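Read the figures in this text as sums done on the coordinates, not as results from a lab. Quick caveat: nothing in here was measured; it's all calculated off a predicted structure. Note: ideal-geometry Cβ built from the backbone for every residue, glycine included; neighbour counts use all protein chains shown.
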Amino acid sequence: MSDLDTKSGERIAALARFERREVPIPAAALDTIIASLAAGSKDERRRAAGALAVAARERDLVGRIEAVLDDPDPQKRWGATFALARAGSDSDAVFDGALAALGFDDGDVRWAALEIVVMLARSNPRRVDRTQRIVAVAREASASGRKMALYGLRDLEAGDEAVYTLALFSENAGVRLAAISGIARLPVTTAQARDALLVTVDRDADVGVRRAAAVTLAKLAGDDPEVRAALDRIRATSTDADLVRAAERGLPKR
């Protein structure tokens, strides 16, 4: 039995030593580390994932860790995904595991999963295929998954107006904000995206979303009369100082 087979606090301390490589990870401890991926304590789960990432660099342990990608417990699947990605795996199973984790309730997991998704999509020769799988999540997943997938497409500079403008009409404000951030990165903003932003800046129920839309429209204002008219309406009628300031960026000084 390893020193992980004790109460949680001691397990966390032992996992931390493994993660910091202060002591080698014996093969006999691997099952207990994997079990800790589903622990009730977030700290224990995080330490277990870090320790497993160290273990994943040992050739004779990789097969056992890869098997966890098929575990029925999503926490264990995520821990194995994290570990294998950190060890340099570029497999489809690891990419799919990270893609699935974009919808986790835990924000720390979502952002770590997004980093892996972007890294594995960017570096893989089949980047187009992986990008299309991210697009599918951005269209069809839960609100959390859609939001993170949209940020991934933005970071990959791989999204298009259709996926972003569709997301602008989501019921979730976080999804709408992610869509606006993606539109802001488009090399060319089309009339479709511009019109969706105009609707958003005028009608969105969330003032934060309206501010983001105003900031993006201000970058597009130029000589576009509809955009400038919308920004001018905000400047003349809005009581939200931040929204007014966002609009004024695209208008001539008075």
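For P(r) over Cα pairs in 5 Å bins from 0, in percent, one of [x] 1, 6, 13, 14, 13, 11, 9, 8, 7, 6, 5, 3, 2, 1, 0, 0; [y] 1, 7, 14, 18, 18, 15, 11, 8, 5, 2, 1; [z] 1, 6, 14, 18, 21, 18, 12, 6, 3, 1, 0 was computed from the structure I shared and the rest are decoys. Which label? Only one listed value fits the structure, namely [x].
Mean projected area of the convex hull spanned by the Cα atoms of the range 148-194, taken over all viewing directions: 2.8 nm². Each Lys or Arg adds one and each Asp or Glu subtracts one; over the other residues with Cβ under 14 Å from the Cβ of Ser144, this totals -1. Helical content alone sets the calculated 222 nm signal of the chain at -21500 deg cm²/dmol, taking -39,500 (n - 2.57) per DSSP H segment of four or more residues and averaging over every residue.
Using only side-chain charges placed at the Cβ, +1 for Lys and Arg and -1 for Asp and Glu, the dipole size of the chain relative to its Cα centre rounds to 740 debye. Bridgeable aspartates and glutamates around Lys7 (alpha carbons under 20 Å apart, same-chain partners fewer than 8 residues away excluded): Glu19, Asp31, Asp43, Glu44.
Going by neighbour counts of Cβ atoms within 10 Å, the residues Asp105, Asp160 line up, fewest first, as Asp105, Asp160. Rounded to the nearest 10 degrees, the inclination of helix 127-140 to the longest alpha-carbon principal axis of the chain is 70 degrees.
Just add up the charged neighbours of Ser91: K/R +1, D/E -1, any other residue whose Cβ is under 13 Å from the Cβ of Ser91.
Numbers: positive: Arg126, Arg130; negative: Glu66, Asp70, Asp90, Asp92, Asp96.
My count for the surroundings of Ser91 gives -3.
Taking the Cα centre of the range 1-105 as reference, the dipole from Cβ charges on Lys and Arg (+1) and Asp and Glu (-1) amounts to some 380 debye. Diffusion of the range 36-181 by Stokes-Einstein, at 25 °C in a medium of 0.890 mPa s and with Rh set to the Kirkwood radius over alpha-carbon pairs, works out to 159 µm²/s. Students often get this wrong: which residues of the range 26-46 have the backbone nitrogen under 18 Å from the point 7 angstrom along Cα-to-C-beta of Ser91? Only 30-31, 34-35 pass the distance filter.
Can you tally the net charge around Ser123? Count Lys and Arg as +1, Asp and Glu as -1, for every other residue whose Cβ sits under 12 Å from the Cβ of Ser123.
Numbers: positive: Arg122, Arg126, Arg127, Arg130; negative: Asp90.
Here the count lands on +3.
Between 0 and 90 degrees, the angle of helix 92-101 with respect to the longest Cα principal axis of the chain falls at about 60 degrees. In terms of its alpha-carbon gyration tensor, the range 9-87 comes out oblate; a/c meets the 1.5 threshold, while b/c is at least as large as a/b. Relative to the longest principal Cα axis of the chain, at what angle does helix 191-203 sit, 0 to 90 degrees, rounded to 10? Roughly 90 degrees between the two axes.
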